[in-house]
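Visitor: This structure is in structure tokens; I'll ask about it shortly.
The values are calculated or read from the model by the stated rules, or taken from the named source; none is laboratory data. Predicted model, so just to flag it, every value in this text is computed and none were measured. Neighbour counts are summed over all protein chains in view; Cβ atoms, including those assigned to glycine, are modelled from backbone coordinates with ideal geometry.
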Amino acid sequence: MTESIHPTHKSHAEIEKEWDAIAPIRDTQISQGKDISFLKVLLPAIEQLTISSNFSRVLDVGCGVGFITEAFSTKANYIVGVDLSKRSIELAQKRLHDAHHAHFYSRSIEEFSQQTAPHSFSLAIANMTLMTSLDLLSLLRAVARLLCTGAHFVFTITHPCFWSHYWGYDTADWFHYNQEIVVEAPFKISFDTSGTITTHVHRPLSQYFSSLIEVGFLIEAVLEPFPPPDTDPKYLRNWKQPRFLAIRCVRE
Ligand SMILES: C[S@@+](CC[C@H](N)C(=O)[O-])C[C@H]1O[C@@H](n2cnc3c(N)ncnc32)[C@H](O)[C@@H]1O
């Protein structure tokens, strides 16, 4: 187990600060093609799951520096990115300043949902956001409120069954699969370690499913995506188990 990984308690404001600090690093990592998981695993999984979605009004939940917003902006008639991190939103706005149908808001999705008419969106996407939220149910309630009936909610998360093993904390005394545990760790991707601290929340898979059902989502498709065989062999080496989970739900 890596000693720099440990359980913690955090506030929204602290989470916001962490993503503010890492925003320029994420901007560089993704734009320079260093984040292989983003490019080869997560983005293709979202593309696959949104193939039949309605792109008239799209919401990117926890949009970070806006690469998912950008990727889907060509398909969308109107697209909104929302993120707690002000610095991430500034970078997203800068990159998409020519896309007049793309709009960004730096606030929590919970706050955004209170300021926006219900049923305003035809599709919500959340790439790797749900496991960074301190309160899963309140985030899901906000997304459910913003979607119209029949709309898709497509999201990716770190795989609840395998991520702790991949990061090496599954054998730590404090880790119990069945509990919700807030974990602080240095942010790293396969070929780049920033040393910057971010926080994620381990939750059992059943908690994701029961929370989705509780707020009115029907789970329609589940993927455990793997990188394609033509990916850099150095990256492929440690891929024995799935690292991520990608899910499509329908707002009932
Ligand atoms: C792992 S990053 C993913 C960013 C982006 N989706 C991407 O694909 O690069 C998680 C993001 O979720 C945001 N976030 C976490 N909880 C949130 C909430 N309740 N409302 C809005 N954003 C949130 C964080 O600020 C962070 O930028």
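Visitor: Would you call Ala23 within 14 Å of the ligand (Cβ to nearest atom) and at pLDDT 95 or above?
Guide: Answer is yes for this residue.
Visitor: Considering only the stretch 115-126, I want to know if a residue exists there that is closer than 23 Å to Ile79 by Cβ, touching a helix residue (DSSP H, G or I) at 6+ places or on another chain (Cβ under 7 Å) and more than 15 Å from the ligand (Cβ to nearest atom). Quick ask: steps written out before the conclusion?
Guide: Pass one, the stretch 115-126, residues closer than 23 Å to Ile79 by Cβ: 115-126.
Add one more test, that the residue is touching a helix residue (DSSP H, G or I) at 6+ places or on another chain (Cβ under 7 Å), and what stays is 116, 118, 120-121, 124-125.
Those left that are additionally more than 15 Å from the ligand (Cβ to nearest atom): 118, 120.
Yes; the residues of the stretch 115-126 include at least one that is closer than 23 Å to Ile79 by Cβ, touching a helix residue (DSSP H, G or I) at 6+ places or on another chain (Cβ under 7 Å) and more than 15 Å from the ligand (Cβ to nearest atom).
Visitor: Given the criteria of a type outside the set (Phe, Trp, Tyr) and either touching a His at 6+ places or on another chain (Cβ under 6 Å) or within 22 Å of Phe209 (Cβ to Cβ) (or both), does Thr171 qualify?
Guide: In short, no.
Visitor: Oh, and also: Restricting to the stretch 26-39, name every residue that is within 12 Å of the ligand (Cβ to nearest atom) and of a type in the set (Val, Ile, Thr).
Guide: Of everything in the stretch 26-39, just one residue is within 12 Å of the ligand (Cβ to nearest atom) and of a type in the set (Val, Ile, Thr), namely Ile30.
Visitor: Additional query: List, please: which pairs have Cβ atoms under 6 Å, are six or more places apart or on different chains, and start with a residue in the stretch 50-69 that is surrounded by fewer than 24 Cβ atoms within 10 Å (Cβ to Cβ) and end with one that is in a loop (DSSP other than H, G, I, E, B) and polar (S, T, N, Q)?
Guide: Once the first residue is surrounded by fewer than 24 Cβ atoms within 10 Å (Cβ to Cβ) and sits in the stretch 50-69, its partners that are in a loop (DSSP other than H, G, I, E, B) and polar (S, T, N, Q) give Ser56/Asn77.
Visitor: Hey, another quick one. What pairs can you find where one residue is in the stretch 8-30 and closer than 12 Å to Leu91 by Cα and touching a residue at least 40 places away in the same chain (Cβ under 8 Å), the other is of a type in the set (Val, Ile, Thr) and buried (at least 17 other Cβ atoms within 10 Å of the Cβ), and their Cβ atoms are less than 6 Å apart, with a gap of 6+ or different chains?
Guide: Ala23/Val65; Arg26/Val65; Asp27/Val65
Visitor: Moving to a separate point now. Among the residues of the stretch 158-195, count how many are among the hydroxyl-bearing types (Ser, Thr, Tyr), closer than 19 Å to Ile36 by Cβ and over 17 Å from the mean Cα position of the chain (by Cα).
Guide: Filtering the stretch 158-195 for residues among the hydroxyl-bearing types (Ser, Thr, Tyr) gives 158, 164, 166, 169, 171, 177, 190, 193-194.
Imposing the further condition that a residue be closer than 19 Å to Ile36 by Cβ reduces the set to 158, 166, 190, 193-194.
Checking which are over 17 Å from the mean Cα position of the chain (by Cα) leaves us with 166, 190, 193-194.
Total meeting the criteria: 4.
Visitor: Residue under question is His159, and the condition is that it be closer than 27 Å to Ser53 by Cβ, touching a residue at least 60 places away in the same chain (Cβ under 8 Å) and not β-branched (Val, Ile, Thr); does it hold?
Guide: So His159 passes the test.
Visitor: Among (1) within 14 Å of the ligand (Cβ to nearest atom); (2) farther than 17 Å from Met131 by Cα, where does Ile46 come up short?
Guide: (2)
Visitor: Just checking, does the stretch 144-157 include any residue being near the ligand (Cβ under 10 Å from one of its atoms), in a helix (DSSP H, G or I) and within 15 Å of the chain's Cα centre (by Cα)?
Guide: From the stretch 144-157, those near the ligand (Cβ under 10 Å from one of its atoms) are 155-157; that's our starting set.
Narrowing the set further to residues that are in a helix (DSSP H, G or I) leaves none.
No, the stretch 144-157 contains no residue that is near the ligand (Cβ under 10 Å from one of its atoms), in a helix (DSSP H, G or I) and within 15 Å of the chain's Cα centre (by Cα).
Visitor: Here is a check on your reading of the model: is Gly81 within 8 Å of the ligand (Cβ to nearest atom) and either surrounded by 20 or more Cβ atoms within 10 Å (Cβ to Cβ) or at pLDDT below 95 (or both)?
Guide: Criteria not met by Gly81.
Visitor: Name the residues in the stretch 4-58 that are in contact with a Leu (Cβ under 7 Å, 6 or more places away or on another chain) and among the charged types (D, E, K, R), would you?
Guide: Within the stretch 4-58, Lys10, Glu16, Asp27 meet the criteria.
Visitor: Grab the strands (runs of 3 or more DSSP E) fully contained in the stretch 37-138, keeping just those with 3 or more residues being within 20 Å of Arg248 (Cα to Cα).
Guide: By residue number, 58-61, 79-83, 121-127.
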